[in-house]
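Working notes for the structure below.
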There are 2 protein chains.
Amino acid sequence: MSGEDHAAPKDRLIQALIQLLPHEAVLTEPEELRPFECDGLSMYRRLPMVVVLPDTVDQVRRIMRLCHQLQVPVVARGAGTGLSGGALPLEEGVLLSLAKFNKILDLDARNAMATVQPGVRNLAISEAAAPHNLYYAPDPSSQIACTIGGNVAENSGGVHCLKYGLTVHNILQLKIVTVDGELLTVGGETLDSPGYDLLALMTGSEGMLGVIVEVTVKLLPKPERAQVVLAAFDDVARAGEAVGAIIAAGIIPAGLEMMDRLAIQAAEDFVHAGYPRDAEAILLCELDGTNAEVSEQIMTVRRVLKERGATEVRTARDEAERQLFWKGRKSAFPAVGRIAPDYYCMDGTIPRRQLPEVLRRISQLSQDFQLPVANVFHAGDGNLHPLILFDANQPGELERTEAFGRKILELCVDVGGTITGEHGVGMEKIDQMCVQFRSAELSQFHALKAAFDPDGLLNPGKAVPTLHRCAEFGAMHVHKGQLPHPELERF
Amino acid sequence: MSGEDHAAPKDRLIQALIQLLPHEAVLTEPEELRPFECDGLSMYRRLPMVVVLPDTVDQVRRIMRLCHQLQVPVVARGAGTGLSGGALPLEEGVLLSLAKFNKILDLDARNAMATVQPGVRNLAISEAAAPHNLYYAPDPSSQIACTIGGNVAENSGGVHCLKYGLTVHNILQLKIVTVDGELLTVGGETLDSPGYDLLALMTGSEGMLGVIVEVTVKLLPKPERAQVVLAAFDDVARAGEAVGAIIAAGIIPAGLEMMDRLAIQAAEDFVHAGYPRDAEAILLCELDGTNAEVSEQIMTVRRVLKERGATEVRTARDEAERQLFWKGRKSAFPAVGRIAPDYYCMDGTIPRRQLPEVLRRISQLSQDFQLPVANVFHAGDGNLHPLILFDANQPGELERTEAFGRKILELCVDVGGTITGEHGVGMEKIDQMCVQFRSAELSQFHALKAAFDPDGLLNPGKAVPTLHRCAEFGAMHVHKGQLPHPELERF
């Protein structure tokens, strides 16, 4: 920096931003900044130094160049529905909102793809594609509100990701503004791309590598028919085993969800979905495809469920009942919100076969911490969402809840799973990254980050902990009682 | 380097390698080196300085540490079936053969996954899984010989990748030895992984980022039924349009292949597959799934093909005829090899809708260069394999063939496609990377490479050209007559 400008750094930055953007696109007053102080993980809050709301790629490039020049950190933000604090702003940084990037630029029905700005809502893509009998497959439960740019940043999933994949499997191309304002185009319309796979690398990178300014997604033909089978079990572990048995029978359901007794009862009391209130667990298994295919699969699924000890197996009588079955599942979070003052939604993934063991250990932890848990799972892909019930007004309960949550994540790693299914690492799970990875992998992550952002200006402090932080956290990755890769002596 | 050792660098290296490895695992005599002088792209040949054949991960780590210490470049090699020269050795480098890493370490049928060493042949995985009614989906035409490590390095596809994806979509976890001998585990058993997506990044990275020493693959249940429909067309463009129409009808075939007249006739004369010799083009459309599903899809596909002007539509009468239809397609390369002294197999990808236009322009180029072309395509995913027929003994024909091949790749980029479908960039297409990408993306590739291999010791000179090389090549990425991203003035 030249040093010829003697204004305070914040004033210099804001003056320069006002040169680049319309006046109303630069927010600096506390009451204007307040809506941006947190994302969906509201236990972390910070006011940003300034919020900018650009509406062209050119403006984003100029903002990034300016911040790079002044060495000011930048946090990008979509709808702020993220659950791991990935969009938590910095008091000394710029909060870059993509809210005005809300246009569908092109919808190419013949080639089943759409090019959209990052601030377009997930569901808006499927709505725009519906007249062509197409839709965008990944469906996070926040899909009414969450944006496609945020979905890419977190590699979001949803109920249907078992069959249709995560965000990374459903996008074709990204345009990205780098930390110094360069514009990159990565991926493309064809199945493979030459060069390194920057498309996959950017997806799920939590705003650490660049700012997404355009997304081209794949669209899928709407299946001819979708049908759901509900099965009740009097034992949670047995329900867990049935999940593996369905997939071992060669069926990949469009959705395969599980709820335990507390979640069932909360949902039933809330929306009257017709769930069996006395069951220990239910499975909802959705099949989609052609008429003939769905009919065949329903027969197989019903047979497997009965063989595996389901006490009741019900196929939705009609589309209204199918919607009702799903309404119960989709309302599970707010339903649990009615039976406790607060709840904390965890997110981890385990190998499917570990489901019975993990449920047993979560139940044990629930007793140890004296906090009830309602379990709602994307069971098919092993993605757990335990909801810990607590009361933040009781002294110590929030801390106990957070400690319980950390134990659940560490349990996921212990059985060969991961600390995140679809919510990202963000602020929430950064310490558990030290449990997930050894220093070799973390060091490689840092080297890779530096290849995109050598000064660490993009979303600093999120997603990947420093080795120093891990040392302080005291974690060491130990799997099945031994270090997975004992170090060789240097020769 | 300390300088206390005054032996020639080559002698120092070989002495140290003999310390690390059994004597017979270090090859230095020209007649021992000869089998490693080229891969499947035999127009490029070089003898390596030394070949090493380790058989443990420890040995690979020690070799990499040694080479890093001595700053000797390393080229890793699987079966050497690659078609872009990616495994071409260096006269001043080590050729690291993974041939002895040929064990299936674990086959977990219940969870439909297998962990294998990188030198295991692609087909051997499916053979081992067959008793469990499972298979590994990606099936490059070299699958009898090519190894899974090479498949990962090139992100290989095959006839079935339209429905089942490329290598990257069918692997779960990799173990990688870094340039300095560190061991990294990337990916995992669950659908998503925290941290940056190193699994996807490594896949298709052509040996530039690390040495793959273990691969965990997904296995799929064998479909209940597979059936193939053959359609003949009297016009190549019409066959191209039918490809898009099948997919627009909501069907994703297990394979959708196209051959033109010259390829049809060569194959028919060679294996008597029952192809219509007088057709201008044929499509082979394979459907798989449950019995009911396949029956429904065949009806739809037959209808679409007839609507799109097929002169003949034949469903294979039985499994024997199905196999025969495929035998013709799979023998197309050797069949073409019978009608010309030499042929050069190209590999590029285009958006499906451009198929008719691209075929027209390849035909024009064929006249301009006075070299016949037989076209064999993975039509469903737009992956072209034009085979240029030539005679290397005719002065100038090889050069004319290479020039023609380059024009085909540049044509692919021009219509919005890419210079590689599944064969990688390697040596062959490195100049065309300058056509594919702008300097912004190439610079990002180099930064990323440096994050893994700062001294450029892993497979140097392949896959990603230097900006200097691009400047010399004189290429500039121009799309539809204009630069895609006109540079902004600096503010």
Fill in the blank from the handout: Of those in the range A:1-38 that are outside any helix (DSSP H, G or I) and modelled with pLDDT under 95, the residue nearest to A:ASN393 (Cα to Cα) is A:ALA8
Handout entry: Those residues of the range A:249-291 which are of a type in the set (Gly, Ala, Ser) and more than 30 Å from B:GLY250 (Cα to Cα), in sequence order
Key = A:ALA263, A:ALA266, A:ALA267, A:ALA273, A:GLY274, A:ALA279, A:ALA281
Fill in the blank from the handout: Residue set A:GLY181, A:GLY150; condition under 30 Å from B:LYS449 (Cα atoms), more than 7 Å from chain B (Cβ to nearest Cβ) and in a helix (DSSP H, G or I); output residue A:GLY150
Practice task
May I ask you to list the residues in the range A:80-110 that are surrounded by fewer than 24 Cβ atoms within 10 Å (Cβ to Cβ) and in contact with a helix residue (DSSP H, G or I) (Cβ under 6 Å, 6 or more places away or on another chain)?
Solution key: A:ILE104, A:LEU107, A:ALA109
Handout entry: Residues being more than 31 Å from the chain's Cα centre (by Cα), among the aliphatic types (A, V, I, L, M) and closer than 19 Å to B:LYS222 by Cβ - total across the range B:268-326
Key = 1
Practice task
Tell me which residues, restricted to the range A:76-112, are closer than 14 Å to A:GLU154 by Cα and either more than 25 Å from the chain's Cα centre (by Cα) or not in a loop (DSSP other than H, G, I, E, B) (or both).
Solution key: A:ALA76, A:ARG77
Practice task
Consider B:ALA128 carefully, then state whether it is outside any helix (DSSP H, G or I) and either touching a residue at least 40 places away in the same chain (Cβ under 8 Å) or within 28 Å of A:GLY416 (Cβ to Cβ) (or both).
Solution key: no
Fill in the blank from the handout: Across the range A:187-206, the tally of residues that are more than 7 Å from chain B (Cβ to nearest Cβ) and either closer than 21 Å to B:LEU409 by Cα or not hydrophobic (A, V, I, L, M, F, W, C) (or both) stands at 2
Handout entry: Search result, residues across the range A:367-395 that are among the small types (Gly, Ala, Ser), modelled with pLDDT of 95 or more and surrounded by fewer than 21 Cβ atoms within 10 Å (Cβ to Cβ)
Key = none
Handout entry: Residue check for A:THR167: farther than 30 Å from A:ILE419 by Cα and within 14 Å of another protein chain (Cβ to nearest Cβ)
Key = no
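Yes or no, residue by residue, for (1) at pLDDT 95 or above; (2) in contact with a Phe, Trp or Tyr (Cβ under 7 Å, 6 or more places away or on another chain):
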{"site": "A:LEU41", "(1), (2)": "no, no"}
{"site": "A:VAL51", "(1), (2)": "yes, yes"}
{"site": "A:ARG61", "(1), (2)": "yes, no"}
{"site": "A:VAL75", "(1), (2)": "yes, no"}
{"site": "A:GLY86", "(1), (2)": "yes, no"}
{"site": "A:VAL94", "(1), (2)": "yes, no"}
Practice task
Please verify whether the range A:195-210 includes one or more residues that are among the hydroxyl-bearing types (Ser, Thr, Tyr), touching a strand residue (DSSP E or B) at 6+ places or on another chain (Cβ under 6 Å) and over 27 Å from B:GLY158 (Cβ atoms).
Solution key: no
Fill in the blank from the handout: Of (1) under 30 Å from B:SER443 (Cβ atoms); (2) in contact with an Asp or Glu (Cβ under 6 Å, 6 or more places away or on another chain), A:GLY158 fails just (1)
Exercise for the section: Say whether the condition of being modelled with pLDDT under 95, closer than 26 Å to A:CYS67 by Cβ and facing chain A (nearest Cβ under 9 Å) is met by at least one residue in the range B:466-485. Expected result: yes
Exercise for the section: Give, as residue ranges, the helices (runs of 4 or more DSSP H) completely inside the range A:334-442 that count at least 1 residues that are of a type in the set (Asp, Glu) and within 14 Å of another protein chain (Cβ to nearest Cβ). Expected result: A:397-414
Problem - Of residues in the range B:405-432 being free of Cβ contacts under 8 Å to residues at least 60 places away in the same chain and in contact with a Leu (Cβ under 7 Å, 6 or more places away or on another chain), the one nearest to B:THR466 (Cα to Cα) - result: B:GLN432
Problem - Residue tally, condition surrounded by fewer than 23 Cβ atoms within 10 Å (Cβ to Cβ), assigned to a loop (DSSP other than H, G, I, E, B) and not hydrophobic (A, V, I, L, M, F, W, C), over the range A:443-461 - result: 6
Exercise for the section: Provide a single number: the residues in the range B:40-62 that are part of a loop (DSSP other than H, G, I, E, B) and out of contact with any Ser or Thr (no Cβ under 7 Å at 6 or more places or on another chain). Expected result: 11
Practice task
Please indicate, with yes or no, whether at least one residue in the range B:247-254 is closer than 18 Å to A:PRO221 by Cβ and either charged (D, E, K, R) or out of contact with any Lys or Arg (no Cβ under 9 Å at 6 or more places or on another chain) (or both).
Solution key: yes
Problem - Cβ-Cβ under 9 Å pairs, at least 6 apart or on other chains, the range A:230-251 side within 9 Å of chain B (Cβ to nearest Cβ) and surrounded by fewer than 18 Cβ atoms within 10 Å (Cβ to Cβ), far side of a type outside the set (Ser, Thr, Tyr) and in a helix (DSSP H, G or I) - result: A:ALA248/A:VAL304; A:ALA249/A:VAL301; A:ALA249/A:ARG303; A:ALA249/A:VAL304
Fill in the blank from the handout: So, first residue not assigned by the TED database to the domain that holds B:GLY80 in the range B:131-145, second residue part of a loop (DSSP other than H, G, I, E, B) and among the hydroxyl-bearing types (Ser, Thr, Tyr), Cβ within less than 9 Å, six or more apart or across chains; the pairs are B:PRO138/B:SER156; B:ASP139/B:SER156; B:PRO140/B:THR81; B:PRO140/B:SER156; B:SER142/B:THR81; B:SER142/B:SER156; B:GLN143/B:SER156; B:ALA145/B:THR81
Problem - Boolean, A:GLU224 is within 14 Å of chain B (Cβ to nearest Cβ), in contact with a Ser or Thr (Cβ under 8 Å, 6 or more places away or on another chain) and modelled with pLDDT under 95 - result: yes
Practice task
Can you tell me which residue within the range A:297-337, out of those that are touching a strand residue (DSSP E or B) at 6+ places or on another chain (Cβ under 8 Å), polar (S, T, N, Q) and more than 18 Å from A:ASP234 (Cβ to Cβ), is modelled with the lowest pLDDT?
Solution key: A:GLN297
Exercise for the section: Given the conditions (1) touching a helix residue (DSSP H, G or I) at 6+ places or on another chain (Cβ under 9 Å); (2) buried (at least 19 other Cβ atoms within 10 Å of the Cβ), report the number of the one that B:GLN297 does not fulfil. Expected result: (1)
Exercise for the section: Would you please name the residue that is surrounded by the most Cβ atoms within 10 Å (Cβ to Cβ), looking only at residues in the range A:113-122 that are in a strand (DSSP E or B) and among the β-branched types (Val, Ile, Thr)? Expected result: A:VAL116
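The values are calculated or read from the model by the stated rules, or taken from the named source; none is laboratory data. Predicted model only: the values in this text are computed from it and were never measured. Neighbour counts are summed over all protein chains in view; Cβ atoms, including those assigned to glycine, are modelled from backbone coordinates with ideal geometry.
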